[in-house]
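One structure below.
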Amino acid sequence: MRIPKEMLWILALFFIQQLPAVAAWGVDLPLLFVVLVGLRTDLPKAGGWGFLMGLLQDLLSSGWIGPNTIAKTLTGILASLSKRHIYRERVLTQTFLVFLATLFHQIFIWVLLKWDGTAPPAGDALGILVRSLMATTLAGVVVCFFVVRFRKRRFDPATA
């Protein structure tokens, strides 16, 4: 029985996500995975991966099932749509899209929690937003650098 490489990536992401240093800084590695997959696949696959990653994150968290599932599904769909209009295989473009996706994701979850009545106060939410935005974008720079470098080397015959 062969395990798909995407499943191994998911297991590794959630293992790394639970490490104290990563969790304390607010890095959202599943979101980063959803954005990068969304930039390279079509709409149904991007939405499916977003749904799966959000559902797993909701199941592993202590909150109710729904916020991460909805937010990551929409983020995957938006990443796939942005591929059609503004995407280029550059580190800066991918990092900018990771920044926008993280901002959208955090604000969307806060709005859902506000609607539910369980949202933290605005000051705490702003601190969480800034910390997650900076850490996920910084992690995105590193990951995007290696992804772009690998893809150029792999798909460009001049550098092979």
query: Does Phe51 satisfy being hydrophobic (A, V, I, L, M, F, W, C), over 21 Å from Ala139 (Cβ atoms) and under 13 Å from the mean Cα position of the chain (by Cα)?
result: yes
message: If a residue must be surrounded by 10 or more Cβ atoms within 10 Å (Cβ to Cβ), at pLDDT below 80 and either in contact with a strand residue (DSSP E or B) (Cβ under 8 Å, 6 or more places away or on another chain) or β-branched (Val, Ile, Thr) (or both), how many such residues does segment 2-36 contain?
response: 3
task: Under 7 Å between Cβ atoms, at least 6 apart or on separate chains: pull out the pairs that start in segment 105-133 with a residue that is basic (Lys, Arg) and end on any residue that is outside any helix (DSSP H, G or I).
output: Arg131/Gly26
- prompt: Restricting attention to segment 33-74, which residues are closer than 19 Å to Lys114 by Cα and of a type in the set (S, T, N, Q)?
  reply: Ser61, Ser62, Asn68, Thr69
Selection within segment 91-134 - assigned to a helix (DSSP H, G or I), of a type in the set (Gly, Ala, Ser) and farther than 29 Å from Arg40 by Cβ: Ala122, Gly123, Ala125, Gly127
- line: Leu29 vs (1) in contact with an Asp or Glu (Cβ under 7 Å, 6 or more places away or on another chain); (2) in contact (Cβ under 8 Å) with a residue 60 or more places away in the chain; (3) not polar (S, T, N, Q): all pass except (1)
task: Would you be able to say whether some residue in segment 117-130 is crowded, with 18+ Cβ neighbours inside 10 Å, modelled with pLDDT of 85 or more, out of contact with any strand residue (DSSP E or B) (no Cβ under 6 Å at 6 or more places or on another chain) and not β-branched (Val, Ile, Thr)?
output: no
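The values are calculated or read from the model by the stated rules, or taken from the named source; none is laboratory data. On a predicted model such as this, the values are computed, not experimentally measured, just so you know. All Cβ positions, even for glycine, are placed from backbone atoms using ideal geometry, and neighbour counts span all protein chains on display.
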